[in-house]
Structure formats: structure tokens, C-alpha cells
1. Scanning the stretch B:41-66 for residues that are part of a strand (DSSP E or B) and hydrophobic (A, V, I, L, M, F, W, C), which turns out modelled with the lowest pLDDT?
2. Residues of the stretch A:27-68 being more than 7 Å from every other protein chain (Cβ to nearest Cβ), of a type outside the set (D, E, K, R) and part of a loop (DSSP other than H, G, I, E, B), which ones?
3. Which of the residues spanning the stretch B:97-140 are farther than 24 Å from B:I70 by Cβ, among the small types (G, A, S) and within 14 Å of chain A (Cβ to nearest Cβ)?
4. Any idea how many residues of the stretch A:11-26 are part of a helix (DSSP H, G or I) and either within 19 Å of B:A298 (Cα to Cα) or facing chain B (nearest Cβ under 7 Å) (or both)?
5. Which of the residues that make up the stretch B:64-86 are under 25 Å from B:R124 (Cβ atoms) and touching a helix residue (DSSP H, G or I) at 6+ places or on another chain (Cβ under 6 Å)?
6. Based on this model, can you work out whether B:R73 counts as assigned to a helix (DSSP H, G or I) and surrounded by fewer than 22 Cβ atoms within 10 Å (Cβ to Cβ)?
7. Name the residue, out of B:R77, B:R73, B:R27, that is among the basic types (K, R) and either over 18 Å from B:P186 (Cβ atoms) or in contact with a Ser or Thr (Cβ under 7 Å, 6 or more places away or on another chain) (or both).
8. How many of the residues in the stretch B:146-163 are in contact with a Gly (Cβ under 9 Å, 6 or more places away or on another chain) and more than 14 Å from chain A (Cβ to nearest Cβ)?
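The values are calculated or read from the model by the stated rules, or taken from the named source; none is laboratory data. Because the structure is predicted, anything quoted here is derived from the model rather than measured. Virtual Cβ from ideal backbone geometry, glycine too; neighbours counted across all protein chains shown.
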Amino acid sequence: MKTDEVPQDVLAYKERDKIRKLMYAVDAEGHYTGVNSSGWEAENVAMKEAWTEIETELQETLAEVKAGIASPLAYYMHQHLMDVSLLSKYAGIWQWRVKRHLQQKHFSKLSEKTLAKYAAALNISVATLQSLPDNK
Amino acid sequence: MSESSLPTFQHYQHAHCESGVTTNLLRHAGINMTEPLAFGIGAGLFFGHLPFLKVSGTPATTYRIWPGAIFKRVAQRLKISIKTQKFSSPEKAEAALDAVLAQGIPVGLQTSVYFLPYLPEAFRFHFNAHNLVVYGKEGNEYLVSDPVMEHPTRIAAADLAKARFAKGTPEPRGFMYYIQEQTTTPNFEQAIRSGIKQTGFFMMTPPIAWFGYKGILLLARKLKKYPERLSPRKASLYLGNIIRMQEEIGTGGAGFRFLYAAFLQEAARILQHDEFDNFAKELTEIGDAWRNFAFNAARIVKSRSGTLVSYTQLGDQLKSIGLREKDFFAALRKLK
């Protein structure tokens, strides 16, 4: 890549345009040098794809919570970009138990102690954990 | 505390977090270091694809060596005495950090980007191998030199504690590292040679198909089967993840290949060996091929209509890159 080929594809999305990262490129004399880049279309596409997937999953989960199938825990797990394995580690609760607690029928029977573990793992209050956000 | 009594640290922006932190810590200690040199001496270049290890639902792909290795190896090869520590609790980790800072020593930390509020939200996934330098503390805030940022910044102590004790893979467990003393004048020639030797070894010899050039060929084979094996949504997500590992913040472009080529140029100068310049040129071309690969992959992701043909072409493109890297590193290992 030559210095004048370093892409400058600005993306105003989730503060992406806050950083101009450093790239390595070859100057006219053939020497490597650092060049700031606003971003590249290819990587912008991939990044947005990852976020779109998260947003899609979150919307699907939201529908399931509203239908009374999934628990609010499932919603907050996705909102915090976690999966069962990661939430299990943060909360210190076995994965098979976390999986059950993503269902409303099991979640509704949880003790205060277990709820508190999840709330702490997600950095929210126990009251918040038990329902969806007001605007949802 | 007044402005003037705050510790100072010369911040330089770099492409990659760990080689950047290493460079800035060494420069602070008075050693004439550049990011490409740190990356090459630390043998940072690598390739790995682990289909069975899922990170946030996608198979793990890496273009670099495991976290923590670069700093350690640079220090070893330049005979710089360092200290590294992990902790059982955030409280102990914070106390230890504060004690070192109180001596005026800047400290490298392994963190999760998810808990670093100063980074753009776009990058803040649960990625636990981000390195930064903390060089002072004021009240409840730490002074931060994060090499991917253009300028130094600050972070609340509570946020830093979360970032240092993130869970998942890998777990930083408060990992911190700093330079204790420098005893002798570093021998760059020897360090460069052993760095290159190690990278050649890691790219060429692992008997398992997940690592080195074999890992690239493995990914090429796997990728061709995405349309048969995965839903279009998953296939496009997997592909997107490869692009992100290769190009998203921190690689300097083409999954560290440009950074390593820059290192080879510096090696040519320091070792006074012109042949390394030719290797740098060839790796630049391989890097350009990686960029083409990412460009084509992004087109499939964007169109969301990846056909068997397009994935097959992409797999073939990757295979040819893998074979080129095989030849490249085989020749580099032979260069005296």
C-alpha cells in the first residue's frame, strides 16, 4: 500500500470518526512511514455488520421477552454484548443454569441472591434486571 | 494537586496496542525504539485460525502472537529487566499499580476495550487483550497513554478496575508490566536476528493445521464451505469477523503484514543487509493481496448474497496468500 492509497473513508457511526488510526504505507521513495487513516470501507462494512447482528439479536430477544418466553436477563445479556459463556463467568453461575435463567419460567423463581449476582455482573440494579427498560 | 506536579510521559500514536506500548515504555526509558522494531524483535507476526474456539459466536482468527509476548520478548532480547504481575483481586491490583506509579514508573496494562469509555463505542466489544500505558494518577482518575489514540487521555479508577478484571478469553487478571532497569546497551543486531528466527519458526513449523501458513490454508478450506454449512447470516458474520481481525484498529493494515514489512526495512538498515529490503518489498505485495482479499470479502458481506462461487473464489484467493507466505517465510528463515 502506498501512502496516497491509504483510505480515508470517514464513518460517523458509534463515534468511529473519533479516531484516526495509524497505518503503515510506502512513500514515493519506497520507505515505510506511518499515515493516519480515517478508516476503510471494507472494515466499516464488517464492523457495521457485527453491530447489525447484535441489534437484530437484541430485537429478537425483546420480542421473546414481551411474549413471556425469554426473561429480561436474556435482553440485558445481549444488550451488554455477552453470550451465555461470558455472562456465566461474570456472574459466577454455571452455564447450564444461566441458560435456564434466560427463560422467564425459571427466571421468575430466582432468589434475591442469584438476582443480585446477575445484576452485579451487568452493572445494573436488581429492580432494573426484573423488567424491560421503560422505553422498550 | 497542581497541574505542574503531574507526571509526564511522551505519548506517541502507533498502529498496534502492544508493540505501541512496548515502544513508548522503552522510549521513556531512553532506548531508541520504533514500533516496527518492537513488533519484529518481539516476533509479533503470526497467523492462527481455531475453528472450534468461538469468540462472541465466531471462530477465532488471529494475525498476531498471543497477548503479552511482544513486550516480554523485546525485553529479553534487549536485556532489559522487567517486572510482570497478575493479581487475585482488583483491590490488590490497584494498590500495586499505585505503588509503582508513586515511584514515577509508567506501567503497561492488559485491559478489555469494553470498559474503556474513551474509545469510540464502535470498537467496544468484549476484547480482552488491549494494552495501554498508565503513567500517573490524579484523584480518582488515571492518566492514560493509549497507543491507538492520537492523544493521551484519562480514565476513572472504577472503569480501569473493570477493564483489568474483565472475564472471558483471555482473562487479564490485572496483568501489569513495567521496566525496572536497563543494565547494558542493547544489542539490536542480535535481537533482530532472533526475532526473525522465531517468527519464521512459528509461521513454518507448527505441526498442527491451526497455526502459521497452515492456518491460512485451513481458513481457506473452511471458508469455501461457509455457504453449505452456515446460514447466510452466520456466513457473512464469520467473514466479517475475519476482516475485522485483519483491518480493524490495531494492525497497521493487512493484518500486521505492512508493520512487519516496515520492520524488515529497518532490519536492512541496522544489519546493513540489502536483501532484507527485497523481503520487505515482497511482504508489502503479500499485504496488498491481503487487502484485496478483505475488499472482496467485504463485498460479499455487504451484498449479503454470498454464493458458492464467490466463497470459492475468496477461498482460492486466500489459499494463494497462504502459499505465498509459506514461500516467503521459508526463504526468510534461510537468509543469513
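1. B:V55
2. Within the stretch A:27-68, A:A28, A:G30, A:S38, A:A67, A:G68 meet the criteria.
3. Within the stretch B:97-140, B:A122 is the sole residue that qualifies.
4. Total satisfying the criteria: 2.
5. Listed by number, the residues that qualify are B:I70, B:F71.
6. It is true that B:R73 is assigned to a helix (DSSP H, G or I) and surrounded by fewer than 22 Cβ atoms within 10 Å (Cβ to Cβ).
7. Unique residue meeting the criteria: B:R77.
8. 1
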